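All remarks here apply to the structure that follows.
The values are calculated or read from the model by the stated rules, or taken from the named source; none is laboratory data. The structure presented is a predicted model; accordingly, all values stated were derived computationally and were not measured. Ideal geometry is used to build each Cβ from the backbone, glycine not excepted, and the neighbour counts take in all protein chains shown. In case anyone asks, the SASA skips ligands and DNA or RNA and just uses the protein heavy atoms, side chains included. Shrake-Rupley method; radii C 1.70, N 1.55, O 1.52, S 1.80 Å.
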Amino acid sequence: MAATARIADGPALRPDDSAPTPKVSQKDTARGPWRTGLLLASPAIAVLALLFIAPLFMLVYNSFRTQAGDPTLQNYTRFLGDSFYRDVLWHTLWIGALTTLGCLVVGYPFAVYLRGRSPRARNYLSLVLLSPLLISMVTRAYGWLVLLGPKGPIADGFHAVGLDAPKMLYNDTAVVVGMVHVMLAYMVLPLMGSLDRIDPALTPAAKGLGASGWTCFWRITVPLSLPGMLAGSLIVFSLTVSSFVTPAILGGPTVKLMPYFVYTEATSNLNWPYAAAIGFVLIVVTTILTAVYARLLRGRGGKEVFA
């Protein structure tokens, strides 16, 4: 008898009379998990589209309209053609850069210190770090208003040693100090994640080969923590340039940033299209700067940001 037989011109049967196993292509194998992942992510995608993408499209649409609803480019030509608004944009980015640098200078040593502590100590210190986020933004800002005021404890400390207290309110310094206090946790947490992923055996191995403590820090710890620096810097910078409450309270009438003019145009002047144009310009410029910064830092070794 032949090894296989054909029945009604159908597929060949094996000696055990079982049907052949159908072939499954690699595309079909990969398509199953992809469809499953898309199905599981669909609620999050729907929420994101409803709460973020749709308002962003409305913002862009309104920015190209007049108050009467007619299409126009006047909102952008007005903003880009006025040196006053360009200076405000530059000042906003400058405050964001200073705040990011301040958070990095203060937060990096704190993250390194947390790395070597026991889990119990890390929990308590992390609670202290996150405590500003548990307080209202207005309450935090008014707390700094008292501390930095002309009759506050800092000014009294200057007077106690016979010095005149410098002006610490309603200027860039007050805004940066308040924003660093608010944004510090957003810098430290990504740094802690990067530092925890560094192999603890690298530093002893480098010291065994003759490297000093500073050499180990600059050649091992800092390069391997670049992903945390990148992630923290992007978060802090993006949140700072879009903040309104803290700069408005601590900066007062002398420090005007982009969010202030968005608020003014939308609420006081009732010019929603121009407010949308100001907001969209800030979004575009911030996105470009963060993309360039991320590319530069990745080129120095920070390839995996949130890995």
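Observations on the structure shown:
- The chain, helix-only ellipticity at 222 nm - DSSP H runs n ≥ 4, -39,500 (n - 2.57), divided by all residues, nearest 500: -20500 deg cm²/dmol
- Among the trypsin sites (Lys or Arg not before Pro) in region 109-143, those placed in a DSSP loop whose Cβ has at most 13 other Cβ atoms within 10 Å are ARG117.
- Nearest-10 value in Å² for the accessible area of ASP164, using the 1.4 Å probe: 140
- Given the alternatives [x] 151; [y] 291; [z] 135, volume of the Cα convex hull per residue in Å³ as computed for this entry is given by [y].
- Nearest-ten-degree value, helix 137-147 long axis tilted from longest Cα axis of the chain: 30
- Calculated on the Cα set of region 124-200, radius of gyration then Dmax: 16.3, 51 Å.
- Here region 159-251 exposes an accessible surface that is 67 percent carbon and sulfur, computed with a 1.4 Å probe and the other protein chains kept in place.
- Accessible-area rank, largest first, for LYS151, LYS256, LYS167: LYS151, LYS167, LYS256, with all protein chains present and a 1.4 angstrom probe.
- Helix axis angle, 226-241 relative to the chain longest principal axis, alpha carbon, degrees: 50
- Accessible area expressed per residue, the chain, with surrounding protein chains retained (probe 1.4 Å, Å²): 62
- A Förster radius of 45 Å combined with the Cβ-Cβ distance from PHE158 to GLN67 puts the calculated FRET efficiency at roughly 0.35.
- Residue of LEU163, LEU59, LEU39 that the Gaussian network model of the chain assigns the largest fluctuation, springs spanning Cα pairs under 10 Å: LEU39
- Region 50-113 shape via C-alpha gyration tensor axes, a/c threshold 1.5: oblate
- With an a/c value of 1.5 or above and a/b not larger than b/c for the gyration tensor axes a ≥ b ≥ c computed over the alpha-carbon atoms, region 146-265 is described as oblate.
- Structure remark: mean-square fluctuation, Gaussian network model of the chain, C-alpha springs under 10 Å; the largest value among GLY96, GLY279, GLY208 belongs to GLY208.
- Per-peptide packing, taken as the mean over residues of other Cβ atoms within 10 Å, places 127-134, 142-149, 234-241 in the sequence 234-241, 142-149, 127-134 from highest down.
- Counting only alpha carbon atoms, the long axis of helix 172-196 and the longest principal axis of the chain meet at about 30°.
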